[in-house]
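The values are calculated or read from the model by the stated rules, or taken from the named source; none is laboratory data. All values reported here derive from a predicted model rather than from experimental measurement. Note that each Cβ is placed from the backbone with ideal geometry, even for glycine, and that neighbours are counted across all protein chains shown.
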Amino acid sequence: MISLGIVGTGRLGGVLARLARDAGLEVRTVSSSDSPAALADAASSDVVVLALPLRRLRELDPAPFAGRVVVDAMNHVPLWDGPAPDVEAAPSSSEYVQGYLRCARLVKTLNHLGADELDDDAAPPGTPGRRAVGVAGDDAEAVRTVMALVERLGFDAVPAGPLAAGVLLEPRSDVFNGLYDRDEMAALFQRSR
């Protein structure tokens, strides 16, 4: 059984925790304002999901994430986050996150669906039209691990490419909040290259 740490106890974090428990995973949740010991415990999981507002990233100590597979499920939404020139200057929000969590094995995914969609659309493997989720990252082993996690959570994982391709999953992209199956999403990524 793999363990999943979820940093962020809002709606997204809660849905992910339930889906993961239903899939038989050990889940450790922590808010970004919990104690350093609680954060270190969650960050010691096999996979750690950042499910908090991007504006709160710099509240986290990067040290516990070193060497860990970390899922960036965050988005920069100026309406919620306010102006963030440092994020907006980065080629993608995930590259900004990787710049802060330099030693993490970062993978971008789970950000382009809302909590309600994650909750409603999870389905067993082989379900016709099962919803696809894009996955982007530079570390091939971390990407494989996260793709397996996405599949266990109830979605078809589709590789988007390197971490820089995470921009294809961000707000204002075709993928963001779009409803695609595996083949449709793979074709969309192919056209975007």
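Contact map, the range 64-80: residues that are basic (K, R) paired with residues that are not in a strand (DSSP E or B), Cβ distance under 8 Å, separation 6+ or inter-chain. Pairs shown: R68/A43; R68/S44; R68/S45; R68/A104. Restricting the range 158-185 to residues that are out of contact with any strand residue (DSSP E or B) (no Cβ under 8 Å at 6 or more places or on another chain) and among the aliphatic types (A, V, I, L, M) leaves a set whose member that is nearest to S92 (Cα to Cα) is V167.
L101 falls short of the stated requirement of being modelled with pLDDT of 95 or more and out of contact with any strand residue (DSSP E or B) (no Cβ under 7 Å at 6 or more places or on another chain). Does the range 145-154 contain any residue that is closer than 10 Å to H112 by Cβ and either out of contact with any strand residue (DSSP E or B) (no Cβ under 7 Å at 6 or more places or on another chain) or not in a helix (DSSP H, G or I) (or both)? No - not one qualifying residue is present in the range 145-154. Scanning the range 36-84 for residues that are within 19 Å of E26 (Cβ to Cβ) and in a helix (DSSP H, G or I) yields A37, A38, L39, A40, D41, A42, A43, P64, F65. Looking at this structure, is P64 crowded, with 19+ Cβ neighbours inside 10 Å, farther than 17 Å from L110 by Cβ and of a type outside the set (A, V, I, L, M)? It is true that P64 is crowded, with 19+ Cβ neighbours inside 10 Å, farther than 17 Å from L110 by Cβ and of a type outside the set (A, V, I, L, M).
Taking residues in the range 1-22 that are within 16 Å of D120 (Cα to Cα) and without any contact (Cβ under 8 Å) to a residue 60 or more places away in the chain, and partners anywhere that are part of a loop (DSSP other than H, G, I, E, B) and not acidic (D, E), the pairs with Cβ atoms closer than 7 Å and at least 6 places apart or on different chains are G13/A51. Would you check if V97 is closer than 24 Å to T9 by Cα, under 16 Å from the mean Cα position of the chain (by Cα) and β-branched (V, I, T)? It is true that V97 is closer than 24 Å to T9 by Cα, under 16 Å from the mean Cα position of the chain (by Cα) and β-branched (V, I, T). Contact annotation: residue pairs with Cβ atoms under 9 Å, 6 or more positions apart or on different chains, pairing a residue in the range 160-185 that is in contact (Cβ under 8 Å) with a residue 60 or more places away in the chain and among the hydroxyl-bearing types (S, T, Y) with a partner that is buried (at least 16 other Cβ atoms within 10 Å of the Cβ) and in a loop (DSSP other than H, G, I, E, B), are S173/H112.
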